[in-house]
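Here's the structure we're looking at; comments come further down.
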Amino acid sequence: QVQLVESGGGLVQPGGSLRLSCAASGSIVSINVMGWYRQAPGKQRELVATITSGGSRNYEDSLKGRFTISRDNAKNTVYLQMNSLKPEDTAVYYCNAHAIVAVDYTYREVWGQGTLVTVSS
């Protein structure tokens, strides 16, 4: 089993910053892609950013320049630095990972439980 645990969400004023963290644990052989998605109230879940084990990054176009994804492969942890936050960034942010698990060496997609980010004055 692989578990993802997010942290760092909370309430922030418009223009502020937050840093989300997501740590993977369990019987992991390797993790290829890690990423962040978000789901605002009444909307579908959408991509925020992904990063490969080699450091290649992909962002939702509208978030480029404000959000930065990074990763510590040794710690199986992915981060999301969010700057210049806007009320429309309010959402539950979910961590995602594509991992090879040790139990059977299969490739699995895993989701975290989500962390709420609220941008409001």
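For the stretch 40-85, which fully contained strands (runs of 3 or more DSSP E) count at least 3 residues that are open to solvent by less than 20 Å² (accessible area, probe 1.4 Å) and under 18 Å from GLY8 (Cβ atoms)? Steps first, please.
Values: elements: 46-52, 57-59, 67-72, 77-82.
Of the strands (runs of 3 or more DSSP E) lying wholly inside the stretch 40-85, those with at least 3 residues that are open to solvent by less than 20 Å² (accessible area, probe 1.4 Å) and under 18 Å from GLY8 (Cβ atoms) span 46-52, 77-82.
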Could you tell me which numbered condition ALA23 fails, if it satisfies all but one of (1) of a type in the set (Gly, Ala, Ser); (2) surrounded by 13 or more Cβ atoms within 10 Å (Cβ to Cβ); (3) touching a residue at least 60 places away in the same chain (Cβ under 8 Å)? (3)
Complete set of residues in the stretch 62-88 that are more than 12 Å from the chain's Cα centre (by Cα) and closer than 14 Å to LEU18 by Cβ: LEU63, ARG66, ASN83, SER84, LEU85, LYS86, PRO87
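Would you mind stating whether GLU6 is charged (D, E, K, R), closer than 16 Å to VAL117 by Cα and touching a Ser or Thr at 6+ places or on another chain (Cβ under 9 Å)? Can you show your working first?
Working: charged (D, E, K, R): yes; closer than 16 Å to VAL117 by Cα: yes; touching a Ser or Thr at 6+ places or on another chain (Cβ under 9 Å): yes.
Answer is yes for this residue.
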Take the conditions of a type in the set (Gly, Ala, Ser), open to solvent by 60 Å² or more (accessible area, probe 1.4 Å) and not in a strand (DSSP E or B) and apply them to GLY16. Does it pass? no
Within the stretch 98-106, is even one residue open to solvent by less than 20 Å² (accessible area, probe 1.4 Å), modelled with pLDDT of 95 or more, touching a strand residue (DSSP E or B) at 6+ places or on another chain (Cβ under 7 Å) and not basic (Lys, Arg)? no
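The values are calculated or read from the model by the stated rules, or taken from the named source; none is laboratory data. Note that the coordinates shown come from a computational prediction; the quantities given were computed from them, not determined experimentally. Please note: Cβ atoms are built from the backbone with ideal geometry, for glycine as well, and neighbour counts cover all protein chains shown. Side chains included, ligands, DNA and RNA excluded: accessible areas come from the protein's heavy atoms. Shrake-Rupley method; radii C 1.70, N 1.55, O 1.52, S 1.80 Å.
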